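The values are calculated or read from the model by the stated rules, or taken from the named source; none is laboratory data. Computed from a predicted model, the values in this text were never measured in an experiment. Glycine also receives a Cβ, built like all others from the backbone with ideal geometry; neighbour counts cover every protein chain displayed. Note: areas computed on protein heavy atoms with side chains; ligands, DNA, RNA excluded. Shrake-Rupley method; radii C 1.70, N 1.55, O 1.52, S 1.80 Å.
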Amino acid sequence: MFDLVFRGAEVVSGSGIQAHDVCIEDGKIAALVLPGSHVAAHRELAYQGKLLFPGLVDAHAHLREPGLTHKETFESGTRAALLGGVTTVLVMPTDDPYTADAETLRQKEALAYGQINVDVGFQVAMRRGTADVTMLATMGAVSFEIFTADVPPEYLHDDLASIMGAMKSISSAGGLCGISPGDQSILEAWGRLAVSDRKTSQSFELSRPPIAEATGIARAILAAAETRCRIHIRQINSEMGLGALRRLADLADVTAETTVQCLVFDHAVYETHGAHAKASPPFRTANDVEAMRAAVRDGTVSVVATDHAPHSLAEKQRVYEAFGDVPGGMAGLQTLLPVMLHLVGKGIFDLETVARVCCENPASRFGLGGRKGAISVGKDADVIVLDPLRQQHVVNRDQVSKAGYTLFDGLVSAPAIEEVYLRGQSVASSQGLISPLLGEIIRTR
Ligand SMILES: [Zn+2]
């Protein structure tokens with residue numbers, strides 16, 4: 001006797017869309033059976049004409065807790081995730097303090113406990129010099145992050161020796177290395193320009209040019225090859241970066257991600273959204289956007305994430321000396337799925353691709369493939385019910401992130417999110433939250 005059966009819907013996976021009835025027991029997918037098959041269950045729900053999509057896994061989000069809770073909290077960030085169909089959030093370590101050792105990881109877990117609306121995994125930052133990677137791996141950290149630009153000196157790995165040292169310890173602990181490709185020397189050269197030359201968004205683009213990304217990618221892959229470290233390259237968005245990735249990817253165990261906003265906007269977005277669009281890397285040309293879309297379609301870029309990095313409206317709207325001084329980042333958890341579905345509607349991706357890059361691939365790459373990322377037997381029953389006959393409108397006033405602002409205000413997409421299940425429990429609908437704070441901390445084993 002199953003707990004619950006979803007009847008009559010079509011199930012989306014990375015490899016196809018098939019009619020199945022979905023049987024759920026103890027929060028897990030217990031069976032997929034032919035439509036109308038005789039199965040006994042305590043409860044049956046009729047979802048004729050609907051699509052069942054796997055809960056999304058966002059591999060890259062900043063939830064700002066501890067220390068920056070005026071920007072976001074575990075509760076507000078994961079509420080945004082839940083309403084957007086993201087049922088697993090992998091949290092970055094760049095809060096205050098950074099999550100970088102057993103103590104800060106334990107503190108972060110304690111803060112999250114009982115305050116999360118979706119399942120959450122934690123990533124830790126590599127300090128220069130030493131890090132107790134083995135201990136952190138035992139604690140279930142989902143990745144170990146190397147930053148090559150834009151961070152405080154103790155976390156800045158701006159030379160090859162430091163990158164290789166960090167990768168060696170990650171590799172020997174069996175961990176996954178997340179690495180942000182950048183070039184601190186170009187950033188510093190830009191920083192020495194007169195303030196008047198740093199006022200515009202164009203100058204900000206020059207501080208993080210495609211060649212900085214491409215060099216960062218090349219260096220990361222070569223270091224990974226040398227140290228036998230598995231790496232995941234963060235937030236790339238340039239055609240030149242893709243060129244480096246394609247030519248070198250065979251040398252190491254490497255995956256790469258981009259962000260959904262870089263699949264939609266080019267640098268013209270600075271004219272319409274100004275400071276709200278400021279994030280690193282900068283938005284690039286329309287050509288780069290096309291190249292990124294093609295790379296997602298052909299699998300070169302296998303993960304699409306949000307880089308959810310909210311700031312308060314007041315922080316974004318203040319006057320800054322240089323455009324580069326505007327706090328970088330924007331909200332994205334609530335809009336990831338609607339925007340990807342919008343791109344499906346425009347014929348840029350198909351649903352199967354979205355299931356791969358937003359569900360299956362991030363789950364498997366970060367060691368959660370046994371539980372997350374697909375509607376298949378044995379996995380957690382994290383399921384989004386989509387209604388193909390209804391449209392969904394993204395508007396600023398519905399955003400629950402403390403950012404209170406989305407670049408996607410006004411975007412229309414279909415199908416619409418009708419209901420969200422987390423481990424078999426109905427947690428949200430198109431009307432809002434149903435069952436709050438049922439999220440759990442998940443760990444890579
Ligand atoms: Zn980030």
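Structure above, values below:
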read-out: Any chance residue 429 is open to solvent by 10 Å² or more (accessible area, probe 1.4 Å), among the hydroxyl-bearing types (Ser, Thr, Tyr) and at pLDDT 95 or above; value: yes
read-out: Complete set of residues in the stretch 65-77 that are within 15 Å of the ligand (Cβ to nearest atom) and under 16 Å from residue 405 (Cβ atoms); value: 71, 72, 77
read-out: Pairs with Cβ under 7 Å, 6+ apart, first in the stretch 267-291 and at negative phi, second outside any loop (DSSP other than H, G, I, E, B) and among the basic types (Lys, Arg); value: 275/316; 276/316
read-out: Complete set of residues in the stretch 240-270 that are closer than 13 Å to residue 291 by Cα and in a loop (DSSP other than H, G, I, E, B); value: 264, 265, 266
read-out: Qualifying residue in the stretch 358-375 (condition: touching a residue at least 24 places away in the same chain (Cβ under 8 Å), farther than 24 Å from residue 26 by Cβ and of a type in the set (A, V, I, L, M)); value: no
read-out: Positions within the stretch 259-270 being open to solvent by 10 Å² or more (accessible area, probe 1.4 Å) and more than 14 Å from the ligand (Cβ to nearest atom), in sequence order; value: 264, 265, 266, 267, 268, 270
read-out: All positions within the stretch 78-98 that are part of a loop (DSSP other than H, G, I, E, B) and within 11 Å of the ligand (Cβ to nearest atom); value: 92, 93, 94
read-out: Top-ranked residue of the stretch 81-92 - restricted to ones that are of a type in the set (A, V, I, L, M) and under 13 Å from the mean Cα position of the chain (by Cα), ranked as surrounded by the most Cβ atoms within 10 Å (Cβ to Cβ); value: 81
read-out: Residue under evaluation residue 128, criteria (1) modelled with pLDDT of 95 or more; (2) away from the ligand (no atom under 16 Å from the Cβ); (3) not small (Gly, Ala, Ser), criterion not met; value: (1)
read-out: Helices (runs of 4 or more DSSP H) enclosed by the stretch 271-385 - at least 1 residues per element that are within 16 Å of the ligand (Cβ to nearest atom), open to solvent by 10 Å² or more (accessible area, probe 1.4 Å) and among the aliphatic types (A, V, I, L, M); value: none
read-out: Qualifying positions in the stretch 97-134 - closer than 18 Å to residue 86 by Cα and among the hydrophobic types (A, V, I, L, M, F, W, C); value: 112, 116, 118, 120, 122
read-out: Sole residue being within 18 Å of residue 276 (Cβ to Cβ) and out of contact with any strand residue (DSSP E or B) (no Cβ under 8 Å at 6 or more places or on another chain), chosen from 326, 339; value: 326
read-out: Selection from the stretch 386-396 of residues that are part of a loop (DSSP other than H, G, I, E, B) and open to solvent by less than 20 Å² (accessible area, probe 1.4 Å); value: 394
read-out: Any hit, the stretch 397-408, residues being free of Cβ contacts under 8 Å to residues at least 24 places away in the same chain and farther than 21 Å from residue 63 by Cα; value: no
read-out: Selection count where residues are closer than 21 Å to residue 6 by Cβ and part of a loop (DSSP other than H, G, I, E, B), scope the stretch 422-444; value: 7
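Conditions tested, residue by residue: (1) assigned to a strand (DSSP E or B); (2) crowded, with 20+ Cβ neighbours inside 10 Å.
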{"residue": "105", "(1), (2)": "no, yes"}
{"residue": "111", "(1), (2)": "no, no"}
{"residue": "116", "(1), (2)": "no, yes"}
{"residue": "120", "(1), (2)": "yes, yes"}
{"residue": "128", "(1), (2)": "no, no"}
{"residue": "134", "(1), (2)": "no, no"}
{"residue": "141", "(1), (2)": "no, yes"}
{"residue": "145", "(1), (2)": "yes, yes"}
